[in-house]
Amino acid sequence: MKINVMQDVLQANDKIAEDNRQIFRKNRNFVINLMSSPGAGKTLLLEKTAEMLAGKLRLGVIVGDVETTRDADRISKFGIPTIQLTTGNACHLDANMVAHALPHLKLDEIDILVVENVGNLVCPAEFIIGEDHKVMILSVTEGDEKPLKYPLMFHESKLMLINKIDLIQYTNFNLDEAKANARKINPDIDIIEISCINGTGLDRWISWLTDHYQLKQKGLSNA
């Protein structure tokens with residue numbers, strides 16, 4: 001007898017994700033599920049994003065980590081609403097975990113909510129949480145073959161940020177190959193090269209965020 005345990009888990013998750021999505025619609029939140037391997041630069045990117053959006057759009061963050069509150073502590077120093085989800089042994093955030101965080105945020109005072117998922121190139125891509133888009137970071141220190149080795153992450157993402165571009169001269173990372181590999185998996189994926197150290201591409205990232213936020217607001221207004 002075959003038992004589809006994973007299928008049942010995903011179906012239950014998707015129902016809660018839809019509940020989350022309705023809450024976000026009600027509060028007009030634009031929600032990003034930010035994913036990457038450990039050390040790719042998610043938290044530093046959020047720090048830079050907080051600086052660049054200050055006075056323009058209101059940012060909120062849900063941070064997922066296996067242990068510690070280090071990342072949430074860093075982000076909260078920028079005066080933005082930040083909730084820490086500590087997963088223990090779980091390698092990803094799911095819709096139910098995010099649902100438990102939502103009552104602790106004043107969602108009507110947040111324009112863009114970023115869920116910083118647990119560092120992992122596999123599990124986070126399997127679970128929707130009610131987000132508008134998945135965004136993933138690939139750093140040049142990881143290797144240009146990653147889209148082929150971990151295809152689901154790239155297939156599910158709307159945008160790939162190629163981070164640490166300032167270090168590319170010290171690696172064997174082939175930028176053209178990385179982009180081609182990603183587009184083999186997802187021909188429609190947006191790609192932006194960035195450096196959180198020297199600022200390369202961060203204006204394009206902020207423009208992408210604000211443009212997609214405005215598109216959602218327009219859609220909600222016309223609904």
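The values are calculated or read from the model by the stated rules, or taken from the named source; none is laboratory data. The model shown is predicted, which means the values in this text are computed figures rather than measured ones. Please note: Cβ atoms are built from the backbone with ideal geometry, for glycine as well, and neighbour counts cover all protein chains shown.
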(request) Quick one: in region 174-194, of everything that is more than 17 Å from M153 (Cβ to Cβ) and in contact with a Gly (Cβ under 7 Å, 6 or more places away or on another chain), which residue is surrounded by the fewest Cβ atoms within 10 Å (Cβ to Cβ)? (result) E193
(request) Could you please find all residues in region 47-90 being under 22 Å from Q217 (Cα atoms) and among the hydrophobic types (A, V, I, L, M, F, W, C)? (result) A50, M52, L53, A54, L57, L59, V61, I62, I80
(message) Going through D108, D132 one at a time, which residue ends up being touching a Phe, Trp or Tyr at 6+ places or on another chain (Cβ under 8 Å) and surrounded by fewer than 23 Cβ atoms within 10 Å (Cβ to Cβ)?
(response) D132
(request) Could you tell me which numbered condition A50 fails, if it satisfies all but one of (1) closer than 30 Å to E145 by Cβ; (2) in a helix (DSSP H, G or I); (3) modelled with pLDDT of 95 or more? (result) (1)
(request) Looking at (1) surrounded by 22 or more Cβ atoms within 10 Å (Cβ to Cβ); (2) at pLDDT 95 or above, find the lone condition where G64 falls short. (result) (2)
(request) Looking for whichever is in contact with a strand residue (DSSP E or B) (Cβ under 6 Å, 6 or more places away or on another chain) and among the acidic types (D, E) here; the options are D94, D111, D144, D132. Which one fits? (result) D132
(message) One residue is enough: does region 81-93 have a residue meeting the conditions of a type in the set (A, V, I, L, M, F, W, C), surrounded by fewer than 20 Cβ atoms within 10 Å (Cβ to Cβ) and part of a loop (DSSP other than H, G, I, E, B)?
(response) yes
(message) With closer than 29 Å to I162 by Cα and touching a Gly at 6+ places or on another chain (Cβ under 9 Å) as the only criterion, which of K106, K48, K77, K56 stands out?
(response) K48
(request) Could you grab the pairs with beta carbons closer than 9 Å, sequence gap of 6+ or different chains, first residue in region 74-95 and without any contact (Cβ under 8 Å) to a residue 12 or more places away in the chain, second one acidic (D, E) and not in a loop (DSSP other than H, G, I, E, B)? (result) K77/E47
(message) Can you go through T86, T82, T68 and tell me which one is of a type in the set (S, T, N, Q), under 18 Å from the mean Cα position of the chain (by Cα) and closer than 30 Å to G143 by Cα?
(response) T86
(request) Please enumerate the residues belonging to region 41-61 that are among the basic types (K, R) and surrounded by fewer than 18 Cβ atoms within 10 Å (Cβ to Cβ). (result) K56, R58
(message) Quick check on region 213-220. Is at least one of its residues part of a helix (DSSP H, G or I) and aromatic (F, W, Y)?
(response) yes
(request) From (1) assigned to a loop (DSSP other than H, G, I, E, B); (2) in contact with a helix residue (DSSP H, G or I) (Cβ under 7 Å, 6 or more places away or on another chain); (3) of a type outside the set (D, E, K, R), pick out the condition that doesn't hold for I75. (result) (1)
